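The values are calculated or read from the model by the stated rules, or taken from the named source; none is laboratory data. Quick caveat: nothing in here was measured; it's all calculated off a predicted structure. As a convention, Cβ positions derive from the backbone with ideal geometry for all residues, glycine included, and neighbour counts pool all protein chains shown. Remember, those area values only see protein heavy atoms, side chains included, never the ligands or the DNA or RNA. Shrake-Rupley method; radii C 1.70, N 1.55, O 1.52, S 1.80 Å.
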Amino acid sequence: MRTWSRTFVLFALCVTLAGCDFCGMSSIEGSTKRFVTTVPQGYVSSYILDVGEGKVVLIDAGGNAEATEITDALGKMGKSLSDVEAIVLTHAHSDHIAGLAALGSLPIYAHPGVKTQLGEETSATLTKEIADGSRITFGARTLEFFHMPGHSPGSVNIIVDGMVFFGDTAASDKEGKVRLSPGFFTDDAEQNLNDLKGFASKVEGVEVDTMFFSHSAPLTGKAELEAFVAGL
Ligand SMILES: [Zn+2]
């Protein structure tokens, strides 16, 4: 069985075990907003950031071991893997790292908390370890990182020029509200909630254009994040 199929079967099994935890979540679609192109692979998405000077940065390698959705999306942008400056991981759950092998020997940036899972599931190693609060510049874009260990040990949120990437530390529902990802996949839901409270206060003065979630549709602004944490 192809790895993509294995990943899908595993995912379907998890969804079954998780009951209807996914039912209220909005669905993801391919789109480009400002410098961010969303690349869906069924139930999970990766992102291509245009950082200028002909270069791009990938956020997450996706759930397809052949990474065809990502290479196709790069092709539509007139780019190839040689234009990818780095792959930045929101975390190392298998549906976010399965594409690494097909993407070659590109530099991989992630929080060191991903190392165990990355080592168990891939032959990839980290090029650069990202610390909480660090900022890394690629071309014209600076990415800022926030460690969010509740979902998984190496989870981070990323902000770049008003675009916020939550990975799986949050999701959106069909009513356009913020919610947690299904608990079945989260290591420590209580910590996850504390992470989101802390994150919301850290970005209090930050203008947010769009919030992106790996398994559900994006939301405009950050009002729904503020409403979610206010209700905790
Ligand atoms: Zn996850």
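Laid out as a table, the results:
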| read-out | value |
| --- | --- |
| Residue satisfying all of: in segment 42-82; acidic (Asp, Glu) and in contact with a strand residue (DSSP E or B) (Cβ under 9 Å, 6 or more places away or on another chain); nearest to residue 156 (Cα to Cα) among these | 60 |
| Failed condition for residue 145, given (1) farther than 18 Å from residue 199 by Cα; (2) at pLDDT 95 or above; (3) of a type outside the set (Gly, Ala, Ser) | (1) |
| Number of the condition not met by residue 160 [criteria: (1) more than 26 Å from residue 115 (Cα to Cα); (2) in contact with a Lys or Arg (Cβ under 7 Å, 6 or more places away or on another chain)] | (1) |
| Residue match in segment 129-140 (condition: within 30 Å of residue 193 (Cα to Cα), charged (D, E, K, R) and open to solvent by less than 20 Å² (accessible area, probe 1.4 Å)) | no |
| Unmet criterion (only one of (1) under 19 Å from residue 48 (Cα atoms); (2) surrounded by fewer than 17 Cβ atoms within 10 Å (Cβ to Cβ); (3) without any contact (Cβ under 8 Å) to a residue 24 or more places away in the chain) for residue 123 | (1) |
| Tally, over segment 65-95, of residues that are open to solvent by less than 50 Å² (accessible area, probe 1.4 Å), part of a loop (DSSP other than H, G, I, E, B) and either in contact with a Cys (Cβ under 9 Å, 6 or more places away or on another chain) or within 19 Å of residue 125 (Cα to Cα) (or both) | 7 |
| Filtered residues of segment 147-183 (kept if more than 16 Å from the ligand (Cβ to nearest atom) and either open to solvent by 20 Å² or more (accessible area, probe 1.4 Å) or at positive phi (or both)) | 161, 162, 173, 174, 175, 176, 177 |
| Which listed residue, of 217, 140, 223, is aliphatic (A, V, I, L, M) and free of Cβ contacts under 8 Å to residues at least 12 places away in the same chain | 223 |
| Unique residue being surrounded by 19 or more Cβ atoms within 10 Å (Cβ to Cβ) and more than 14 Å from the ligand (Cβ to nearest atom) when the list is 232, 219 | 219 |
| Some residue of segment 40-62 being aromatic (Phe, Trp, Tyr) and either surrounded by fewer than 19 Cβ atoms within 10 Å (Cβ to Cβ) or in contact with a helix residue (DSSP H, G or I) (Cβ under 9 Å, 6 or more places away or on another chain) (or both) | yes |
| First in segment 153-174 and closer than 14 Å to residue 57 by Cβ and free of Cβ contacts under 8 Å to residues at least 24 places away in the same chain, second anywhere and small (Gly, Ala, Ser) and surrounded by 24 or more Cβ atoms within 10 Å (Cβ to Cβ), Cβ under 6 Å, 6 or more apart | none |
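Quick grid of which residues meet (1) away from the ligand (no atom under 16 Å from the Cβ); (2) closer than 27 Å to residue 200 by Cβ; (3) not hydrophobic (A, V, I, L, M, F, W, C):
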| position | (1), (2), (3) |
| --- | --- |
| 72 | yes, no, yes |
| 76 | yes, no, yes |
| 86 | yes, no, no |
| 89 | no, yes, no |
| 96 | no, yes, yes |
| 108 | yes, no, no |
| 114 | no, yes, no |
| 127 | yes, no, yes |
| 130 | yes, yes, no |
